[in-house]
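Single-structure report; data block below.
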Amino acid sequence: MSAMPSHMGSAPPANNPEAAARTVYVGGIPQGVDEHTLNALFVHCGQVTQIRLAGKADGYSARFAFVEFAYPQQAQTAVMLNGITLQDRQLKVSMAKSSINTPTLSFIGGAPSRPPRAQGGAQGGYGAPGAGAYGVAPGAA
């Protein structure tokens, strides 16, 4: 068995279409499965360069991963594993919509860009008009 791949060099640019073409999404991953198990499954499709596994290994949350290959053809081969059973769970394998290293927040001027908050009370938070922090009117507590 080959050694577990690590991050290879610097991260590709955000929304790198070439990297996305080399990446598959894997859903329905059973609890207890780790990166080494996924590598052992997908190494038969080609050279795995990176794996990102999400979700708690011992929890009840949905678990999924992104597996990046060296070449797009290898990712396309991996998609043929869609529906394969791993530890009594059927995996969903499909092409990823973006690369593994796509940022989840955009940074403008050094600070994360977030949607504006709803206008509400005197302090500009959530809640009824005139309500202060935690939806309580000032002086009513």
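The values are calculated or read from the model by the stated rules, or taken from the named source; none is laboratory data. Fair warning: this is a prediction, and the values are worked out from it, not measured in the lab. Every residue, glycine as well, gets a Cβ built from its backbone with ideal geometry; the counts of neighbours run over all protein chains shown. In case anyone asks, the SASA skips ligands and DNA or RNA and just uses the protein heavy atoms, side chains included. Shrake-Rupley method; radii C 1.70, N 1.55, O 1.52, S 1.80 Å.
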Amide H neighbours of Leu86 at under 5 Å, excluding residues fewer than 5 places away on the same chain, with H built from the backbone geometry, are Leu91
To the nearest Å², the heavy-atom accessible area per residue of segment 17-95 with 1.4 Å probe amounts to 52 Å²
Kindly write out, for segment 25-31 in residue order, the coupling ³J(HN,Hα) from the Karplus curve 6.51 cos²θ - 1.76 cosθ + 1.60 (θ = phi - 60°), rounded to whole Hz, with x marking Gly and Pro. 9, 10, x, x, 6, x, 4
So what are the ³J(HN,Hα) numbers for segment 82-99, from phi and the Karplus equation (6.51, -1.76, 1.60; θ = phi - 60°), rounded to whole Hz, Gly and Pro as x? 3, x, 5, 9, 10, 6, 6, 10, 8, 7, 9, 10, 8, 5, 6, 7, 8, 6
Report in % the part of the accessible area of segment 17-95 that belongs to carbon and sulfur, leaving out ligands and nucleic acids; probe 1.4 Å. 54 percent
In terms of modelled amide H atoms, which long-range or inter-chain residues lie less than 5 Å from the amide H of Arg63? Gly28, Ile29
When the expected Rg is taken as 2.2 N^0.38 Å, what fraction or multiple of it is the alpha-carbon Rg of segment 17-95? 1.00
For Leu86 and Glu35, compute 0.36 nm times the residue count separating them, minus their Cα-Cα distance, and round to one decimal in nm. 17.0 nm
Per-peptide average of other Cβ atoms within 10 Å, ordering 77-88, 27-38 highest first: 27-38, 77-88
